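The values are calculated or read from the model by the stated rules, or taken from the named source; none is laboratory data. Computed from a predicted structure; not experimentally measured. With ideal geometry, Cβ positions are generated from the backbone for all residues, glycine too; neighbour counts draw on all protein chains shown. Just so you know, the surface numbers come from the protein's heavy atoms only, side chains and all, with ligands and any DNA or RNA stripped out. Shrake-Rupley method; radii C 1.70, N 1.55, O 1.52, S 1.80 Å.
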Amino acid sequence: MNEDFLHFIWQNKLYHPYDLKTTDGEELEIIHPGIINTHSGPDFFNAKIKLSNTLWAGNIEIHTHESDWFNHKHHQDDSYNNVILHVVNKSNGETITASGRQIPVWEMKFSTQLTDQYQSLFFNNHWLPCKDYLDTIDPIFLSQWIDRILIERMEEKSELTHQLLLKNQNDWDQVFFILLARSFGFGVNGLPFEMLAQQTPLKVMLKHADNIFQTEAILLGQSGLLNATKKADDYSLQLQKEYTFLSHKYNLKPIRAQLWKFSKLRPSNFPTIRLAQLAMLIHQTKGLFETLLNQSSSKQFVQHLNINASEYWNTHYHLGKTSSPSTIKHLGKSSAQKILYNTIYPYLFVYFGKNKLQEKKENLLDSLYEEPAEKNSIITNWQQAGIKITNEAQAQALIFLKNHYCNHKKCLNCRIGHKVLSKA
């Protein structure tokens, strides 16, 4: 039994509703449970209850044991002086505020079936905690929840864009450059890519975007990897010389080479290769990112990202170290789609929102419903659990649901979990 479960029962009125009395024998009527508080202080604000026909309005605190009031030092905290009811699973003490007022205590009663259902969700080893209950969920209800999760995913993915806009004085182009660079890190190296782009003014990149050699020199130099090369070949030495000139000209400062991760990565995903591919993308678009942002379909976008690293990288994964056999370092469809859905869409979601382009914002989301669903292990497992996935909007939402809810057993925050427990 934990407090989150008790919060859920209180908020959704799943307790036994009849003959409610406090531990002192006062008759209790719960008119409104209040609004959940996600910050410090009492658990619920602005609740309304009746005690012996007297109406009370104020805050609610919930604990598994009444003694937790003292264990958590609430009796010394003035912010708990306005609590009107202490809701507990077990009464084992007394509840007194810092002002010396004794607070009524109610032992909340609920069905054992609800407890059993809760435990069956939280204490199983299924890939999906609710796997055994999914076939009982109304498909329309499930579809509505997936739609809401898609919006939550976009909002969560957009948070970094908001932060970068504040940091970069609403310079949309610089922010997009930072986000695009971060996306080339594909998770593992996302942070050093972001740091590199934050230390590299886009206006500098634009001045040299028509020259792939200079573009590579700037990015590899800013990464710190260029000067960290232990066995330089002719090309590496030329890049070092070019970067030395450009860094002095523009006062560029590299990040630490030690930030980059190579271990446990496939060679095609080494940061050196991704930096070379990013350089080629900037070179091909001449830094005019509208070329990417104005693609009318995901297919066109993926085609536009159909890029190869420069010829040197056909025979290299590291600077100065020849690899065999030679292969063209191609970005690939799957990588392009990840950049589209994890970077381009969230960026445009914020851009359209801030510029009050509501129709374009809606069209952006609608376009996801028109794209076929991607294939990966998470989607396959959802399908095996009986969930029909026909488009990319559903796929993106269910990936987010799995990673942010299911993996952390946040069933009490999920509408599916609510539905399962509410049926108990």
| field | Candidates 211, 81, 269: whichever shows maximal mean-square fluctuation once the chain is modelled as a Gaussian network with Cα springs under 10 Å | value | 81
| Helix 271-285 axis, angle to the chain major axis (alpha carbon atoms, nearest 10°) | 70
| query | Past the 22 Å Cα-Cα mark, which pairs from 167/410; 90/402; 299/338; 203/253; 157/354? | reply | 167/410; 90/402
| region 280-323 versus region 169-209: alpha-carbon centroid distance in Å | 15
| note | Here Rg/Rh (Cα, Kirkwood) for region 132-180 equals 1.32
| field | For the chain: relative contact order, % (alpha-carbon pairs under 8 angstrom, 6 or more apart) | value | 14
| remark: Under the Karplus relation with 6.51, -1.76 and 1.60 and θ = phi - 60°, whole-Hz ³J(HN,Hα) for region 102-112, x at Gly and Pro, equal 8, 9, x, 10, 10, 7, 6, 9, 8, 6, 5
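Can you list, largest first and rounded to whole Å, the semi-axes you get for region 149-220 by taking the square root of 5 times each eigenvalue of its Cα gyration tensor?
In descending order the semi-axes read 25, 14, 10 Å.
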| Among all stretches of the chain without exposed chymotrypsin sites (Phe, Trp or Tyr not before Pro) (DSSP loop, at most 10 other Cβ atoms within 10 Å), which one is longest? | 124-424
| request: Among DSSP beta bridges whose residues both lie in the chain, state the antiparallel percentage, nearest 5. | output: 65
| said: Over the chain, with a Gaussian network built from C-alpha contacts below 10 Å, which listed residue (40, 52, 298) shows the highest mean-square fluctuation? | reply: 40
| Extension gain from residue 112 to residue 355, taking 0.36 nm per residue of separation minus the Cα-Cα distance | 82.3 nm
| field | residue 98 paired with residue 126, simple spin-label distance in nm, labels 7 Å along Cα-to-beta-carbon | value | 4.5
| request: Mind checking the per residue accessible area of region 359-424 for me, 1.4 Å probe, whole number of Å²? | output: 51
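Grab the DSSP H runs of the chain that are 4 residues or longer, score each as -39,500 (n - 2.57), total them, divide by all residues and round the 222 nm result to the nearest 500 deg cm²/dmol.
-13500 deg cm²/dmol
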| How much of the accessible area of the chain, in percent, comes from carbon and sulfur atoms when a 1.4 Å probe is used? | 48
| remark: Of the convex hull enclosing the alpha-carbon atoms of region 275-400, the direction-averaged projected area in nm² is 9.7
| field | Given charges at Cβ of Lys, Arg, Asp, Glu: region 295-422 dipole, positive-most of 337, 352, 404 | value | 404
| request: Using only C-alpha positions, report the orientation-averaged shadow area of the convex hull of the chain, nm², one decimal. | output: 26.1
| said: Can you give me the distance in nm between label points at residue 248 and residue 166, each placed 7 Å from the Cα along the Cα-to-Cβ direction? | reply: 4.0
| task | Using a 10 Å cut-off on Cβ atoms, rank the peptides 408-420, 21-33 from the highest mean neighbour count down. | result | 408-420, 21-33
| remark: Per the C-alpha gyration tensor (a ≥ b ≥ c, the square roots of its eigenvalues), region 164-261 is rounded if a/c is under 1.5, else prolate if a/b beats b/c, else oblate; here it's oblate
